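Read through the structure below, which is laid out as structure tokens, and then see the notes.
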Amino acid sequence: MALLQIAEPGQSPVPHQVKLAVGIDLGTTNSLVASVRGGRATVLPDEQGSAMLPSVVNYSQAEASRVGRAAQALAAEHPADTLVSVKRFMGRGRDDAAGDAARAYYHLADDDTGMVRFITSVGEISPVEASAEILKVLHRRAVDTLGNELDGAVITVPAYFDEAQRQATKDAATLAGLKVLRLLNEPTAAAVAYGLDSAEQGVIAVYDLGGGTFDISILRLHRGVFEVLATGGDTALGGDDFDAAIADWVLQQLAAPELAPGNYRQLQTRARSAKEQLSTNDSTSISLQGLLPEGGAIDLTRAEFESLIQPLVKQTLRACRRCLRDAELADTVDNVVMVGGSTRVPMVREAVGEFFQREPLLDIDPDQVVAVGAAIQADILVGNRPEGDLLLLDVIPLSLGLETMGGLVEKIIPRNTTIPVTRAQEFTTFKDGQTALAVHIVQGERELVSDSRSLARFELRGIPPMVAGAARILVTFQVDADGLLNVAAREETTGVESSVTVKPSFGLSDGEISGMLQASFSHAEEDKQARQRAEHRLEAQQLLEGLEAALAADGDELLSPDECAELHGLMQQLRLAMEGQDVSTLKAGTEQLGKASEDFAARRMDKSIRQALAGVSLDALDDEVSE
Ligand code: ADP
Ligand code: MG
């Protein structure tokens, strides 16, 4: 009989159990799931061997909605019940989505929080629910293929997605029964797929041309962390526009009367497959069977196709140029990654290569590259990789800032900034002779400290006494890769320093974070006014304090009793205005007092110059010169 083995505590001989994790590219047109198996990240195909799941959900039956190709087939018959491009509606209100071409097919409503919903024959469906249907199919596929329940998933989102859009994506994943390890920016996922994260540093351009959208992102890699330097693109430009260009060309060639709408959709579908063939063939033919009474076909060469799409490709390059400008790069881009089905078009590849003067990376299937990168990241996050292989990519969910005079918030690091990050800003003292500075660190999007979340306070002491505004205090906010915030304050002339470390996200649930964001949106106008009021009040207070000190020092000597009385009267008026709520009275009072005291200020200036000169004899000046 074999003896049972018992390991020493903490030294279990059982090999590290492999956890199951997937990466999911939840796309506008197509979605994919990938996983690392046997050390390699690969996409997981469905039973028919197809990895791409069209991001289409059909609700024409009350029964389980159909997703993917089956749903696509029902689009023509049930346009309002077949949801395509749902991603465009994620985390958006009805008004935000108003300009979107995709809405034309749907009947839209909004829910009680103002988020958009689709009216279908089975009831109102939110974009989150529809996306969850897509994710459920991919979830099931992964469980079936990998043979067990998943330990976690990384889901990708466009780099420009805001907090609400990211939250909606997370909610959809939760509804689909997935444990979200992290949301990952799509361009970052693509860069990870190419292993670009193993370099020490570099600048990467990710050119993503999909079905209906074009995204360009400039990333900077520094010590294992990707920072999004700039994003740009066009939310209404993609392969669909190539199809439309071909369809319109066909109609033009035929000089035919316009086709019925259903037929135009048919023609677009045929244009799409013609386009896809032209990525490998020099010419193709588009059948007109069933579209025209006489049937027939029309030939299209690659050269002709290229001339049709040239303006569209140029449009993407213009967006690239803008994005490069926004990124304020000192040197050139090191790598260009191609993402999205439409980058299969040879002319697109050439144009992009020429623009960036770099051979673009295209070894990995452009449809799969985002899912592959997400799978690699998921594998690391779930703990399957040996130590050292830690990628930390995250953004701060709420702005970090500090309190300035008047109870106002000065934001130092805006929300959604990729971490780690360091930002510094210079501040100064408010009063003459001020020797200490209270640093109050707050989190949130609101303008007033009273509406923000207080994180920490500390004091900087030992500032040498100087006149107000002369001290130069550099406050540095540094958030490390774990989201730990360190704030340091340093007086530049003396070097005195003080600092504190806090964990900004501590104790905040996702729900609370989105609540704080909502509040900042709904109170935007009110906040602006409160800020103005506080700023004017501060200005008035500074003027009053300065004038009080000046009157005490020189009032009797430099002013007549009448002048003195006038100033005191105006000061009293201003004090009253400060107690009231009316901003314009306050502003007018400050201006009036400022004007009235100008003359007094000029006389004080003269006096101090006279005093300064009186203290210096001509002999002393001579001495200085001769020394
Ligand atoms: P999304 O990111 O919007 O989900 P995809 O990256 O899946 O979109 O790209 C879909 C687009 O790619 C469609 O317009 C499709 O016609 C186009 N596409 C796919 N294969 C090819 C090909 N071989 N040649 C040209 N275009 C292609
Ligand atoms: Mg995509």
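The values are calculated or read from the model by the stated rules, or taken from the named source; none is laboratory data. What you see is a predicted model; the values in this text were computed from it and never measured. Neighbour counts run over all protein chains shown; Cβ positions are idealised from the backbone, glycine included. These area figures cover heavy atoms from the full protein model, side chains too; ligands, DNA and RNA do not enter into them. Shrake-Rupley method; radii C 1.70, N 1.55, O 1.52, S 1.80 Å.
Results, tabulated for the structure shown:
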item: Sole exception among (1) among the hydrophobic types (A, V, I, L, M, F, W, C); (2) within 13 Å of ligand 2 (Cβ to nearest atom); (3) at pLDDT below 85 for Leu209, by number; result: (3)
item: Filtered residues of the stretch 453-467 (kept if within 29 Å of Val225 (Cα to Cα) and crowded, with 19+ Cβ neighbours inside 10 Å); result: Leu455
item: Exclusive hit being open to solvent by 10 Å² or more (accessible area, probe 1.4 Å), of a type in the set (Asp, Glu), within 16 Å of ligand 2 (Cβ to nearest atom) and touching a Gly at 6+ places or on another chain (Cβ under 7 Å), set Asp334, Asp367; result: Asp367
item: Extreme residue, surrounded by the most Cβ atoms within 10 Å (Cβ to Cβ), among residues of the stretch 571-622 that are modelled with pLDDT under 80 and among the basic types (Lys, Arg); result: Lys607
item: Cross-chain or 6+ apart pairs with Cβ under 6 Å, the stretch 27-43 first and in the same structural domain as Phe161 (by TED's automatic domain parsing) and away from ligand 1 (no atom under 14 Å from the Cβ), then open to solvent by less than 20 Å² (accessible area, probe 1.4 Å) and modelled with pLDDT under 95; result: Val36/Asp379
item: Pairs where the first residue, in the stretch 328-349, is farther than 28 Å from Leu26 by Cβ and touching a residue at least 40 places away in the same chain (Cβ under 8 Å) and the second is surrounded by 21 or more Cβ atoms within 10 Å (Cβ to Cβ) and charged (D, E, K, R), C-beta under 9 Å, 6+ apart; result: none
item: Qualifying position, being on the phi < 0 side of the Ramachandran plot, over 52 Å from the mean Cα position of the chain (by Cα) and not hydrophobic (A, V, I, L, M, F, W, C), among Glu579, Glu566; result: Glu566
item: Index of the failed condition, Gly444 passing every other in (1) at positive phi; (2) open to solvent by 20 Å² or more (accessible area, probe 1.4 Å); result: (2)
item: Number of the condition not met by Val250 [criteria: (1) in contact with a helix residue (DSSP H, G or I) (Cβ under 6 Å, 6 or more places away or on another chain); (2) open to solvent by less than 70 Å² (accessible area, probe 1.4 Å)]; result: (1)
item: Near pairs, Cβ below 6 angstrom, 6+ apart or cross-chain, from the stretch 119-132 (farther than 15 Å from Leu108 by Cβ) to any residue that is surrounded by fewer than 14 Cβ atoms within 10 Å (Cβ to Cβ); result: Val122/Ala62
item: Candidate set: the stretch 345-354, residues that are more than 24 Å from Thr156 (Cβ to Cβ) and open to solvent by 50 Å² or more (accessible area, probe 1.4 Å); chosen: the one nearest to ligand 2 (Cβ to nearest atom); result: Glu350
item: Qualifying residue in the stretch 272-291 (condition: aliphatic (A, V, I, L, M), more than 23 Å from Asn335 (Cα to Cα) and within 12 Å of ligand 1 (Cβ to nearest atom)); result: yes
item: Strands (runs of 3 or more DSSP E) wholly inside the stretch 79-185 that include at least 1 residues being under 22 Å from Asp46 (Cβ atoms) and either at pLDDT 80 or above or within 20 Å of the chain's Cα centre (by Cα) (or both); result: 82-84, 152-157
item: Hits in the stretch 15-58 (condition: within 16 Å of ligand 2 (Cβ to nearest atom), small (Gly, Ala, Ser) and either open to solvent by 20 Å² or more (accessible area, probe 1.4 Å) or assigned to a strand (DSSP E or B) (or both)); result: Gly23, Ser31, Ala34
item: Among the candidates Thr316, Thr280, Thr284, Thr301, residue that is β-branched (Val, Ile, Thr) and within 16 Å of ligand 2 (Cβ to nearest atom); result: Thr316
item: Meets criteria (at pLDDT below 85, within 16 Å of ligand 1 (Cβ to nearest atom) and assigned by TED's automatic domain parsing to the domain that holds Ala164) for Thr231; result: yes
item: Flag if Ala565 is out of contact with any strand residue (DSSP E or B) (no Cβ under 7 Å at 6 or more places or on another chain), modelled with pLDDT of 85 or more and hydrophobic (A, V, I, L, M, F, W, C); result: yes
item: Unique match (being surrounded by fewer than 24 Cβ atoms within 10 Å (Cβ to Cβ) and either within 16 Å of ligand 1 (Cβ to nearest atom) or in the same structural domain as Gly91 (by TED's automatic domain parsing) (or both)) among Leu209, Leu219, Leu184, Leu196; result: Leu196
item: Selection from the stretch 418-435 of residues that are surrounded by fewer than 18 Cβ atoms within 10 Å (Cβ to Cβ) and among the hydroxyl-bearing types (Ser, Thr, Tyr); result: Thr422, Thr428, Thr435
item: Conditions (1) within 23 Å of Gly152 (Cβ to Cβ); (2) at pLDDT below 85: number failed by Val192; result: (2)
